[in-house]
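Heads up: the structure comes next, in structure tokens.
The values are calculated or read from the model by the stated rules, or taken from the named source; none is laboratory data. Just so you know, these numbers come straight off a predicted model, no measurement behind them. Here Cβ is always computed from backbone atoms with ideal geometry, including for glycine, and neighbour counts include all displayed protein chains. For accessibility, only protein heavy atoms count, side chains too; no ligands or nucleic acids. Shrake-Rupley method; radii C 1.70, N 1.55, O 1.52, S 1.80 Å.
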Amino acid sequence: MAGSLWKGRFLTLFDYKTEKYIVAKNKRVGVLYRLIQLSIIGYLIGWVFIKKKGYQETDEAVQSSVITKVKGVSVTNSTESGPLVWGPEDYVIPPQGEAVLFIITNFLETPNQKLGYCAESSKVLDGLCRGDEDCEEGKLVVAGHGVMSGRCLLRDENSTGTCEIYGWCPIERKFKPQHPLLKNAENFTIYIKNFIHFSKFNFSKSNIRETTDESYLKQCQYDEQRLPYCPIFRLGDITRRAGHNFQDMATFGGSIGVTIEWDCDLDKGYSHCHPRYHFTRLDISVSDKAIATGFNFRHTRYFKNAAGESYRSLFKVYGVRFNIMVHGKAGKFSIIPTAINIGSGLALMGAGAFFCDMVLLYLIKKSDDYRHRKFEGLETKKAASEDTNMATLEKDDLTC
Amino acid sequence: MAGSLWKGRFLTLFDYKTEKYIVAKNKRVGVLYRLIQLSIIGYLIGWVFIKKKGYQETDEAVQSSVITKVKGVSVTNSTESGPLVWGPEDYVIPPQGEAVLFIITNFLETPNQKLGYCAESSKVLDGLCRGDEDCEEGKLVVAGHGVMSGRCLLRDENSTGTCEIYGWCPIERKFKPQHPLLKNAENFTIYIKNFIHFSKFNFSKSNIRETTDESYLKQCQYDEQRLPYCPIFRLGDITRRAGHNFQDMATFGGSIGVTIEWDCDLDKGYSHCHPRYHFTRLDISVSDKAIATGFNFRHTRYFKNAAGESYRSLFKVYGVRFNIMVHGKAGKFSIIPTAINIGSGLALMGAGAFFCDMVLLYLIKKSDDYRHRKFEGLETKKAASEDTNMATLEKDDLTC
Amino acid sequence: MAGSLWKGRFLTLFDYKTEKYIVAKNKRVGVLYRLIQLSIIGYLIGWVFIKKKGYQETDEAVQSSVITKVKGVSVTNSTESGPLVWGPEDYVIPPQGEAVLFIITNFLETPNQKLGYCAESSKVLDGLCRGDEDCEEGKLVVAGHGVMSGRCLLRDENSTGTCEIYGWCPIERKFKPQHPLLKNAENFTIYIKNFIHFSKFNFSKSNIRETTDESYLKQCQYDEQRLPYCPIFRLGDITRRAGHNFQDMATFGGSIGVTIEWDCDLDKGYSHCHPRYHFTRLDISVSDKAIATGFNFRHTRYFKNAAGESYRSLFKVYGVRFNIMVHGKAGKFSIIPTAINIGSGLALMGAGAFFCDMVLLYLIKKSDDYRHRKFEGLETKKAASEDTNMATLEKDDLTC
């Protein structure tokens, strides 16, 4: 007896229970509801799935390795340095092919600097003096080039002079670049090798065509349409595509951001994942009211003479800094985002039904009738006759 | 006739169908359900939307370019090197303004090293010997400085000596730094220029004030309140904000992480996206039980004498390594996350209703009555009279 | 009176309303529905929560700082350079311990280059000539080493010669490396120090064991099982784990990607977040049809003779480039993804009920009976008797 009771209970588990609906023969609300349903389905299929690929799991944490190689040769002739031939080993800093590299386009050499005493530059405010008392011995010149010796060097008695300092003398001369010295830097080519890996999907790719033809990379030049897998760029083309003139940039230097964008739909396969190159000038601000344009730094070469004394050449170099940034995104079908998007779409349809109920129950004439049909057991002035026996549960009887 | 049948079918599509509810006049479960509803709505509005901005799509893959420039001058005087004046071109490695840069605060020069024969350092375990048989000719000294010549150099007969090696001689002497040589490195300033781009929203910004006033960057110093767009920092301030004393760090070197945090709410517009700077010491572990503190490396300068023979200066440099890391997050309103969050919130309300049903059907006294009202057609001992005609569908008749 | 009406309205707010269900005594659909429910619950618990940790919020934007240090010594003897002893200060470029570093394994020195006139290399296509007219004075040689002097240097009258150029002479000789010169580079060790920070969870960790034992890092070598927190690797082991032979790579150079993978489940605590190391060769493409293998670049050392004239040594260096990439992912329990996943799972169950309804209403024999029970007020040939009084709402009466 008890067994058959449990069996019965167990079997009722498999009685399908389905919600009871009432049919409101109201075409307006019906059309409204169908419209809501249609727009949610349209949004789900059109926007979420087709446009935004909401069925895909994405990986934006791309691992990337960039190697660069610059080619080209240039000749300069300046008063300080004499005739010089420049190869990549000289004008690329650092020379080892990093993702951030600097190409010298202009420079000022201060050769044969030795440690000794000379006048501070007159550009340094803290080094100006009218007498020896302005130059405290042993004090460092703020934003200057050395330590004060205590003497003020005046051209004549009434003028303002500069303190004598101990430092690398002679001090670098004032220099306002007029035009770039490495004029043909525009024709240098830069080869950007990029390897990416999406660890979530274990997917790797490189931006170089896979070929056994050894001469391919020696002759080609990048062309978005015809040669997208030949990542060799003329510097002049890069600045032009960034919207700037190379010669202008080369004079005072500048900074160019090279973005390699990988937007990969892995559902479509290996061959549908291509690199795209964007070029932006980074040292000019959005509104062009920029004080931070130009790019230069100083580096030195040290020498020793026969007596073992050090001397050095100080180079102030202007040039274009290339910052190669890789941005990648890969997407692949995954059940979880699909389920989340479908599930939440369905739940929104429930919200649509709720909204239509509100219209039905509060905004239309005969809403009272609907209310009584929808809510069985609702107490009203005229008691709903067929439900009385069930509806009169007393609140006090409950023990919840 | 058939046409009007199809027309009828089509029209029923626009009959609004709404779920039938039964009203359980049970205030306790009602209150419970309202509480569940309220907490879900509160969670959705308060936590998800207001606090966590769940209506926004976010981009955390910021593209960033960092340029640094250090200013300051220092004077040192050591036995080996004599008086030296240091400018940024000397103490910043590399000099070209990278995001990872090293500032020398202490050093040991081993000048005039030449290739030749000398004793291995007594610190190298593998170089210790008691006789020539310990120094196999042509064998490299493990963790040492050259190749063994086969001779063991002993001070006197009973002591332990070191093998003679062929290498750059003299070997660097033992050095335990006591205090930094570049004492005023604390006053050097570092200018950190950062440009970011969020490609998902095509939004760019820089951490420098947009102004045409050329003197702005020459005089200002960073102040979180007054000058947030003047990214010039004193080294001493950086270490202080990282919780460490500069002079301590300068002696043995160290590593500082500078995080630039961009947390941008693009719904509020361009001017609500500010950089924030955090400073952490990286070479000290969380629990301070660290063996990996300090930072030093060696670099060389090569010279040739009149005879064309190479000699070099070996520099062991200690200093502070700055690692500038940029972390960015941008959010902007998007329909998809909004729909997902609202949808799942609504679905959870359904779960709340299910939970209340369980309470109503199983935990309260008159639950049997509710069960029969809720489940139309439920077979029980006393058959529900008004539903008999419908409920007696035989299982055997079904063909599903 | 009005007050009690409002009070009544307010109180009905707390009448619990629950959906009315009809029980379809159809075991097949019931089983189908239970199966759908079970599979959704199984997917939600098994796949989403247990396997994919869908209850966690994740942070993939790891901030990372990498410091490297290479140890080892090697001896070479080549015709051009004579015997040389190499320490890390020489063979690591750059020497300051970056995340991207290059270790020289092979090199060709072209010592004592001076600016002057000599023949262009015969490998440069643009430098070949049959007469002086092919060598326009002042023209730069494309992909060459200097500027043409106007003379064509021919061995004899009938052969093809090369233009005379002004550049750094002598030109680097042709060089096809046969075997690496730094043979024992294989035994060098590289110490990779990594510090990570997840800003979303304010969690930091380093890949070094926290110990006060100073000798720990001096003696240990990485072992995945026994010493996972001793990040010191033999170069030979790294290439072996990347699937390549070190000596082969060392001859022409190559590029190795070292990925440090942090997959942290922060719910399990600090000690359940371990680094894992992966090694890949980056200069060989996926399909092995590679033209981009090998890695070399040139760098120079400048000298001045007693007369102040510059001369230089040009080094063409081959070697292994290590690119240390850090990839991190941290997950921690968060209410939002949990709610989203549960919510969408519940919504999908609603879709399952809808599907079963379709089966019940359209695919089984007695579906018409079900339809009339499910949809109260549905007009049919035999009017549903018990609902007539409510169902006969006239469409025309509605004013929605």
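For the reader, a short list of remarks on this structure follows.
- Of the strands (runs of 3 or more DSSP E) lying entirely inside the range A:34-138, those containing at least 2 residues that are under 30 Å from residue B:82 (Cβ atoms), open to solvent by 10 Å² or more (accessible area, probe 1.4 Å) and of a type outside the set (Val, Ile, Thr) are A:100-119.
Quick grid of which residues meet (1) farther than 30 Å from residue C:8 by Cβ; (2) outside any helix (DSSP H, G or I); (3) at pLDDT 85 or above:
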position: A:325; (1), (2), (3): yes, yes, yes
position: A:330; (1), (2), (3): yes, yes, yes
position: A:337; (1), (2), (3): yes, no, yes
position: A:341; (1), (2), (3): yes, no, yes
position: A:359; (1), (2), (3): no, no, yes
position: A:371; (1), (2), (3): no, no, no
position: A:382; (1), (2), (3): no, yes, no
position: A:387; (1), (2), (3): no, no, no
position: A:393; (1), (2), (3): no, yes, no
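- Residue among B:186, B:210 that is in contact with a Leu (Cβ under 8 Å, 6 or more places away or on another chain), in the same structural domain as residue B:98 (by the TED database) and of a type outside the set (Val, Ile, Thr): B:186
- The range C:227-283: number of residues that are among the small types (Gly, Ala, Ser) and within 14 Å of chain A (Cβ to nearest Cβ): 6
- Listed by first and then second residue, the pairs with beta-carbon distance under 8 Å, at least 6 apart or on different chains, first residue in the range A:176-187 and under 7 Å from residue A:105 (Cα atoms) and among the hydrophobic types (A, V, I, L, M, F, W, C), second open to solvent by less than 60 Å² (accessible area, probe 1.4 Å) and part of a loop (DSSP other than H, G, I, E, B), are A:185/A:72.
- Test result for residue A:333, among the hydrophobic types (A, V, I, L, M, F, W, C), open to solvent by 20 Å² or more (accessible area, probe 1.4 Å) and in contact with a Phe, Trp or Tyr (Cβ under 6 Å, 6 or more places away or on another chain): yes
- For the range A:100-124, a residue qualifies if it is under 29 Å from the mean Cα position of the chain (by Cα) and within 14 Å of chain C (Cβ to nearest Cβ), and the qualifying residues are A:100, A:101, A:102, A:104.
- Residue match in the range C:282-301 (condition: under 30 Å from residue C:331 (Cα atoms), small (Gly, Ala, Ser), without any contact (Cβ under 8 Å) to a residue 12 or more places away in the chain and open to solvent by 20 Å² or more (accessible area, probe 1.4 Å)): no
- Test: residue A:311 is closer than 24 Å to residue A:108 by Cα and more than 31 Å from the chain's Cα centre (by Cα): yes
- Scanning the range C:331-347 for residues that are at the interface with chain B (Cβ under 8 Å from one of its Cβ atoms) and closer than 20 Å to residue C:269 by Cα yields a single hit, C:335.
- Taking every residue in the range A:70-99 that is facing chain C (nearest Cβ under 10 Å) and closer than 17 Å to residue A:110 by Cβ and pairing it with any residue that is open to solvent by 10 Å² or more (accessible area, probe 1.4 Å) and modelled with pLDDT of 90 or more, at least 6 positions away or on another chain, the pairs with Cβ-Cβ distances below 6 Å are A:81/A:109.
- Annotation: of all residues in the range C:302-330 being more than 9 Å from chain A (Cβ to nearest Cβ) and free of Cβ contacts under 8 Å to residues at least 40 places away in the same chain, the one that is least open to solvent (accessible area, probe 1.4 Å) is C:305.
- Residue A:80 vs. criteria modelled with pLDDT under 90 and either within 20 Å of residue A:252 (Cα to Cα) or among the aromatic types (Phe, Trp, Tyr) (or both): yes
- Close contacts from the range A:49-65, counting a first residue that is at the interface with chain B (Cβ under 10 Å from one of its Cβ atoms) and at negative phi and a second that is among the acidic types (Asp, Glu) and part of a loop (DSSP other than H, G, I, E, B), with Cβ to Cβ under 8 Å and a gap of 6+ residues or different chains, come to A:60/B:60; A:60/C:60; A:61/C:60.
- Count - residues of the range A:179-227 that are at negative phi and more than 22 Å from the chain's Cα centre (by Cα): 30
- Number of the condition not met by residue B:340 [criteria: (1) more than 22 Å from residue B:104 (Cα to Cα); (2) open to solvent by less than 40 Å² (accessible area, probe 1.4 Å); (3) in the same structural domain as residue B:180 (by the TED database)]: (3)
- Residues (open to solvent by 40 Å² or more (accessible area, probe 1.4 Å), of a type in the set (D, E, K, R) and over 30 Å from residue C:269 (Cα atoms)) located in the range C:161-204: C:173, C:174, C:176, C:183, C:186
- Filtered residue count, the range C:20-36, keeping only those that are more than 23 Å from residue B:24 (Cβ to Cβ), in contact with a helix residue (DSSP H, G or I) (Cβ under 7 Å, 6 or more places away or on another chain), among the β-branched types (Val, Ile, Thr) and within 7 Å of chain A (Cβ to nearest Cβ): 1
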